[in-house]
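Working notes, structure below.
The values are calculated or read from the model by the stated rules, or taken from the named source; none is laboratory data. Everything quoted here is computed from the prediction, not taken from an experiment. Glycine gets a Cβ as well: all are built from the backbone with ideal geometry, and neighbour counts include every protein chain shown.
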Amino acid sequence: MLIRSSKKSDVASSEITSESVYMRRREFIGSAAGIGLAAASPVMLAAPTRSDLIASAAKTAYGNDEKLTPFKSVTSYNNFYEFGTEKKDPKKYAHTLTTDPWSVEVEGFAERTGKLALEDVLKGETFEERIYRLRCVEGWSMVIPWVGFPLANLIKRLQPTSQAKYVAFETLYRPEEMRGQKSVFSSIEWPYVEGLRMDEAMHPLTMLAVGVYGKPLPNQNGAPLRLVVPWKYGFKSIKSIVKIRFTDERPLTSWERSAPSEYGFYSNVNPGVDHPRWSQKTERRLPSGFLSVNRIDSVMFNGYGEEVAPLYAGMDLTKNF
Ligand SMILES: Nc1nc2c(c(=O)[nH]1)N[C@H]1C(S)=C(S)[C@@H](COP(=O)(O)O)O[C@H]1N2
Ligand SMILES: [Mo]
């Protein structure tokens, strides 16, 4: 897979903090795997924990030539309205969330429905790492090494029936632990809802993430389980998922509900369709500051068009925005 990008060697020395350690570990795991070293490590004699499995996730070619956004930006500049509307709020307040035990309720048109413990959602899945871009509708973007597995794997296990045309997702509603859900100023009606058309959900690029930068997801990034849909604006990538519902009707998603003229169901990254209040033609790639704004042109489908454009063949994407 080809994704245009700058070189890894372009990383400025100021950015080399935790990700330099991470890079070296990537190289070590890459070489160790080849000669069976990883398998002989004493740590692996005990049943591997989820953190072990995340740390040893198979590296894939996805986005491997991209310059990563530093761990610090990925985990301290977030949107997670359940914890407040400021970019710094999730990092400040998401530690209050309990993510273990965790379960996911499966509802609607599928053979297998009911409550699944997170362990059962993950059972049998092999974690892999994919470096994907995330572009927020507000105009910033990042390049993030996610760890997880294709959503399609889980959907196949749940065996949706032919009536299932869409998949809806919901985030946890727990105001005692999510201070943003108590706010009277919230533009979102809780719980946060997102949705995909079945073919979008089954697309091999669509991922359920459990980790980032080789570690379990920090709470502010949507622990313990979140969606990553790299060709759509960031808000489609719903965090801390507790419900998956197979439906025959297009779900009303949170942002569409709060401002239907600004946020559509599809929300494909599209520099040709401006948000009514601002342009979508460029984006600010993090890290960015006053001196180096790091503004780049936005790309149709966030650069994944070769793979996903066929999903929208014949559709008017200015109407289906
Ligand atoms: N439950 C929930 N999921 C959410 C959001 C949110 O407010 N609540 N914000 C979305 C938006 S707008 C973006 S850009 C991404 C940001 O993901 P990140 O913080 O891991 O970069 O999460 C998305 N998922
Ligand atoms: Mo966003």
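Of all residues in the stretch 122-132, one or more are touching a helix residue (DSSP H, G or I) at 6+ places or on another chain (Cβ under 8 Å) and of a type in the set (Phe, Trp, Tyr). Looking across Phe235, Phe265, Phe301, one residue alone is in a loop (DSSP other than H, G, I, E, B) and surrounded by 14 or more Cβ atoms within 10 Å (Cβ to Cβ). It is Phe265.
May I ask you to say which residue of Lys182, Lys243, Lys215 is more than 13 Å from the chain's Cα centre (by Cα), in the same structural domain as Lys91 (by TED's automatic domain parsing), more than 16 Å from ligand 2 (Cβ to nearest atom) and without any contact (Cβ under 8 Å) to a residue 24 or more places away in the chain? Give the derivation first.
Working: Lys243 fails: without any contact (Cβ under 8 Å) to a residue 24 or more places away in the chain; Lys215 fails: without any contact (Cβ under 8 Å) to a residue 24 or more places away in the chain.
So the residue among Lys182, Lys243, Lys215 that is more than 13 Å from the chain's Cα centre (by Cα), in the same structural domain as Lys91 (by TED's automatic domain parsing), more than 16 Å from ligand 2 (Cβ to nearest atom) and without any contact (Cβ under 8 Å) to a residue 24 or more places away in the chain is Lys182.
For every residue, the table says whether it meets (1) surrounded by 16 or more Cβ atoms within 10 Å (Cβ to Cβ); (2) within 11 Å of ligand 1 (Cβ to nearest atom); (3) not in a strand (DSSP E or B).
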| residue | (1), (2), (3) |
| --- | --- |
| Val137 | yes, yes, yes |
| Ser141 | yes, yes, no |
| Ile155 | yes, no, yes |
| Pro191 | yes, yes, yes |
| Glu194 | yes, yes, no |
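Quick check, is Ile155 assigned by TED's automatic domain parsing to the domain that holds Val228, closer than 20 Å to Asn302 by Cβ and not small (Gly, Ala, Ser)? No, not satisfied. Criterion first (assigned by TED's automatic domain parsing to the domain that holds Val147, among the acidic types (Asp, Glu), surrounded by 14 or more Cβ atoms within 10 Å (Cβ to Cβ) and touching a residue at least 40 places away in the same chain (Cβ under 8 Å)) does Glu283 satisfy it? Spelling it out, Glu283 is indeed assigned by TED's automatic domain parsing to the domain that holds Val147, among the acidic types (Asp, Glu), surrounded by 14 or more Cβ atoms within 10 Å (Cβ to Cβ) and touching a residue at least 40 places away in the same chain (Cβ under 8 Å).
Yes or no: Glu119 in a loop (DSSP other than H, G, I, E, B) and either out of contact with any strand residue (DSSP E or B) (no Cβ under 7 Å at 6 or more places or on another chain) or not assigned by TED's automatic domain parsing to the domain that holds Ile241 (or both)? I'd like the intermediate steps shown before the answer.
Working: in a loop (DSSP other than H, G, I, E, B): no; either out of contact with any strand residue (DSSP E or B) (no Cβ under 7 Å at 6 or more places or on another chain) or not assigned by TED's automatic domain parsing to the domain that holds Ile241 (or both): yes.
Spelling it out, it is not the case that Glu119 is in a loop (DSSP other than H, G, I, E, B) and either out of contact with any strand residue (DSSP E or B) (no Cβ under 7 Å at 6 or more places or on another chain) or not assigned by TED's automatic domain parsing to the domain that holds Ile241 (or both).
The rows are residues; the columns are (1) modelled with pLDDT of 95 or more; (2) under 18 Å from the mean Cα position of the chain (by Cα); (3) crowded, with 21+ Cβ neighbours inside 10 Å.
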residue	(1), (2), (3)
Asn64	no, yes, no
Pro70	yes, yes, yes
Val74	yes, yes, yes
Tyr77	yes, yes, no
Lys92	yes, no, no
Thr99	yes, yes, no
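Count of the stretch 111-167 residues, restricted to those that are within 22 Å of Asn294 (Cα to Cα) and more than 16 Å from ligand 2 (Cβ to nearest atom), is 2.
Residue under question is Arg130, and the condition is that it be within 16 Å of ligand 1 (Cβ to nearest atom), part of a loop (DSSP other than H, G, I, E, B), touching a residue at least 60 places away in the same chain (Cβ under 8 Å) and not aliphatic (A, V, I, L, M); does it hold?
Numbers: within 16 Å of ligand 1 (Cβ to nearest atom): yes; part of a loop (DSSP other than H, G, I, E, B): no; touching a residue at least 60 places away in the same chain (Cβ under 8 Å): yes; not aliphatic (A, V, I, L, M): yes.
No, not satisfied.
The set of residues in the stretch 219-228 that are more than 9 Å from ligand 1 (Cβ to nearest atom) and closer than 20 Å to Pro70 by Cα comprises Asn219, Ala223. So, of the residues in the stretch 268-298 that are acidic (Asp, Glu) and not in a loop (DSSP other than H, G, I, E, B), which turns out to be nearest to Gly195 (Cα to Cα)? So the residue we want is Glu283. In the set (1) within 20 Å of Gly108 (Cβ to Cβ); (2) without any contact (Cβ under 8 Å) to a residue 40 or more places away in the chain, Glu262 fails one condition alone, (1). Of all residues in the stretch 57-77, those satisfying the criterion of being among the polar types (S, T, N, Q) and either within 21 Å of Glu307 (Cβ to Cβ) or outside any loop (DSSP other than H, G, I, E, B) (or both) are Thr60, Asn64, Ser73, Thr75, Ser76.
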